[in-house]
Amino acid sequence: MSAKIAQPDTLWGDRPTPASGETLRLDVGPLTLWLKGLENEVWLGFQRAEETVVPSGDTPPEDLEWSRWALGDAPHHLRFRPVLPDRLLVVKPDHPLTLLRRAKARVYVRVPAWVRVEAVEGEKTKGATLMEIPTEVLSDTWWGDFLTGELGYWLTTKARRELSDDLFEPHRIMSALHLINRSEDDLHVEKLALRVEHLSTYEKEGRLWAEETNVVYLGEAEGSDIRMRDRPPVEAEGAHEISPARAQVKGLRARTFDRLRALSGW
Amino acid sequence: MNLLLLQADTARAASQGLSHYLTSVNVPSLIRSGLLLFLGIPLAWAVTRWIARWATKAYSAQRGLIVSKIIFYPAVLLILVSVLNELGFKLAPVMGAAGILGIALGFASQTSVSNIISGFFLIAEEPFKVGDVIQVGDVTGQVLTIDTLSVKIRTFDNKMVRIPNETLVKSQVTTVTRFPIRRMDIQIGVAYKEDAGRVRKTLMDVATANPHVLMEPEPLFINNGFGASSLDFTFAAWAKSDQFLTVRNQLTHDIKVRFDAEGIEIPFPHVSLYTGSVTDPFPVRVIGGQEET
């Protein structure tokens with residue numbers, strides 16, 4: 001990430017560490033971050049509007065739970081990056097989508113970002129991660145069968161086919177998915193697994209985008225080929241990368257789609 | 001008198017035998033034996049550690065453990081045999097004696113041998129790993145070590161329990177933390193006047209509101225039938241294994257709060273007493289008073 005000073009209307013970017021005795025309030029979507037400086041320490045606390053009543057002023061609540069870090073002697077600044085969640089997302093469209101054989105669809109999914117707070121020393125480009133805070137708490141879920149499945153987060157979406165300005169929010173990362181059904185069967189998408197830990201985040205004109213992803217469905221037995229395109233989606237041509245993927249993978253084959261089926265048993 | 005002479009002869013013969021043996025062992029042999037013993041065993045230990053560490057990293061702690069035992073014990077045996085050989089012991093009679101001794105020891109220490117062999121089975125079969133939480137009989141705790149003779153577990157009230165390997169092979173062992181997710185079954189009874197559909201919806205809402213309750217597998221709502229004082233249900237929800245207790249406590253608390261808010265009654269046991277016909281009033285007689293009912 002290039003050193004970019006955060007604009008007043010956005011959280012993302014670099015900011016000086018609060019001076020000793022100074023308290024700062026930063027808001028992004030439903031998340032409020034409270035920052036405090038004390039000697040060479042940085043104190044950080046947060047609240048979410050969905051969980052508690054966030055005070056309107058610049059004074060943090062008395063009972064706020066703080067985390068604190070002592071920084072080195074060299075001057076530091078804080079960097080706020082939007083990152084995608086740390087596990088796969090099980091995305092459930094409000095209305096199931098069916099791709100007939102050989103059909104394609106481009107859908108947009110808005111993913112709540114996590115705020116990664118880093119302390120960056122002097123002119124260095126890489127910082128030490130202090131904390132990662134989800135702007136919205138997503139429910140846990142399980143993807144796959146009981147023996148080989150994996151944990152993920154649950155996200156319901158409208159899986160829109162078109163974009164509009166009002167869809168972009170400062171705490172949401174727009175993910176463009178290019179779905180291609182290359183099997184001989186219709187693909188009934190009740191849910192799909194979006195492996196966001198492999199996606200980078202881009203920014204253009206204050207809008208956040210996830211790396212372009214192609215998902216090619218090959219059949220029930222074969223699974224899906226997932227290709228990360230290592231570039232922003234065409235809708236965000238010229239966007240620059242602000243957060244690299246958590247795990248760098250350019251492609252993988254995995255089970256991505258799921259039809260509704262009983263998993264629980266008794 | 002004769003007995004004393006016999007004893008003296010035996011002692012003399014033994015002394016001559018020992019002195020003959022000692023004179024037949026030369027100094028280089030002693031040095032070689034010493035080197036074998038004092039360098040060989042630490043070397044075997046170091047090599048074993050190195051390979052075990054590699055196996056642990058490449059496979060698992062369990063595999064590391066079994067590899068270390070398979071390498072170290074034979075290596076030590078080999079070193080001891082070499083030392084005896086170096087010191088001039090004829091190994092054929094020693095082996096013969098060892099065989100007889102082995103049988104004798106085997107009979108005498110059946111339990112220990114059984115535990116050792118069971119230990120190998122436990123490590124190879126891997127029903128649990130170090131760090132797993134297991135339940136054996138009425139003991140539940142975290143596995144600390146899988147040793148040659150026993151498995152040591154730490155119970156949640158911080159006691160150490162030693163369970164012989166043989167017992168584990170013979171008993172039913174439940175590995176609580178084997179899978180990353182677990183299901184909690186919460187038993188709930190509501191008053192007969194309540195609408196089961198509303199109860200179900202309320203429970204599902206409570207589960208959905210808690211982000212640590214897994215959305216899939218979906219929570220189950222099971223009607224267990226008509227209890228003595230309540231309609232009985234099982235509400236089964238899933239959570240990550242490492243959050244199981246926390247989520248169960250949260251969910252139980254949230255259900256009570258939500259039922260109270262919704263006016264859903266959780267009844268305590270009712271007992272109805274009848275005398276004679278069930279429709280007639282219960283007869284009460286006031287003793288010492290004027291009225292009789």
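The values are calculated or read from the model by the stated rules, or taken from the named source; none is laboratory data. Computed from a predicted structure; not experimentally measured. Cβ sites come from the backbone with ideal geometry, for glycine too, and all protein chains shown count toward neighbours.
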Of the conditions (1) touching a Ser or Thr at 6+ places or on another chain (Cβ under 7 Å); (2) surrounded by 15 or more Cβ atoms within 10 Å (Cβ to Cβ), the single one that B:Gly88 does not satisfy is (2)
If A:Gly223 satisfies all but one of (1) at pLDDT below 85; (2) surrounded by fewer than 15 Cβ atoms within 10 Å (Cβ to Cβ); (3) on the phi > 0 side of the Ramachandran plot, what's the number of the condition it fails? (2)
Which condition number does B:Glu194 fail, the rest of (1) within 13 Å of chain A (Cβ to nearest Cβ); (2) of a type in the set (D, E, K, R); (3) touching an Asp or Glu at 6+ places or on another chain (Cβ under 7 Å) being met? (1)
In region B:230-261, anything surrounded by 14 or more Cβ atoms within 10 Å (Cβ to Cβ) and over 18 Å from B:Val213 (Cα atoms) is listed as B:Ser230, B:Leu231, B:Asp232, B:Phe233, B:Phe259
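From the list A:Thr125, A:Thr98, A:Thr141, which residue is touching a residue at least 40 places away in the same chain (Cβ under 8 Å) and within 14 Å of another protein chain (Cβ to nearest Cβ)?
A:Thr141
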If B:Thr234 passes every condition in (1) part of a helix (DSSP H, G or I); (2) of a type in the set (S, T, N, Q); (3) in contact with a strand residue (DSSP E or B) (Cβ under 6 Å, 6 or more places away or on another chain) but one, which one does it miss? (1)
Of all residues in region B:224-264 being touching a residue at least 60 places away in the same chain (Cβ under 8 Å) and in contact with a Leu (Cβ under 8 Å, 6 or more places away or on another chain), the one that is farthest from B:Ala196 (Cα to Cα): B:Lys240
In region B:201-223, how many are touching a residue at least 40 places away in the same chain (Cβ under 8 Å) and surrounded by fewer than 15 Cβ atoms within 10 Å (Cβ to Cβ)? 2
Of (1) in contact with a Phe, Trp or Tyr (Cβ under 8 Å, 6 or more places away or on another chain); (2) more than 8 Å from chain A (Cβ to nearest Cβ); (3) under 18 Å from B:Lys240 (Cβ atoms), B:Ala209 satisfies every one except (1)
Checked region A:23-59 for anything closer than 17 Å to A:Leu130 by Cβ and part of a loop (DSSP other than H, G, I, E, B); matches are A:Glu39, A:Asn40
Where a residue in region A:196-218 is without any contact (Cβ under 8 Å) to a residue 24 or more places away in the chain and its partner, wherever it lies, is assigned to a helix (DSSP H, G or I), with Cβ under 9 Å and at least six apart: A:Glu205/A:Ala236
When residues of region A:144-178 are limited to those that are farther than 28 Å from A:Arg81 by Cα and out of contact with any Pro (no Cβ under 9 Å at 6 or more places or on another chain), the one nearest to the other protein chains (Cβ to nearest Cβ): A:Leu147
What number of residues in region B:185-215 are closer than 16 Å to A:Ser139 by Cβ, in contact with a strand residue (DSSP E or B) (Cβ under 9 Å, 6 or more places away or on another chain) and among the aliphatic types (A, V, I, L, M)? 7
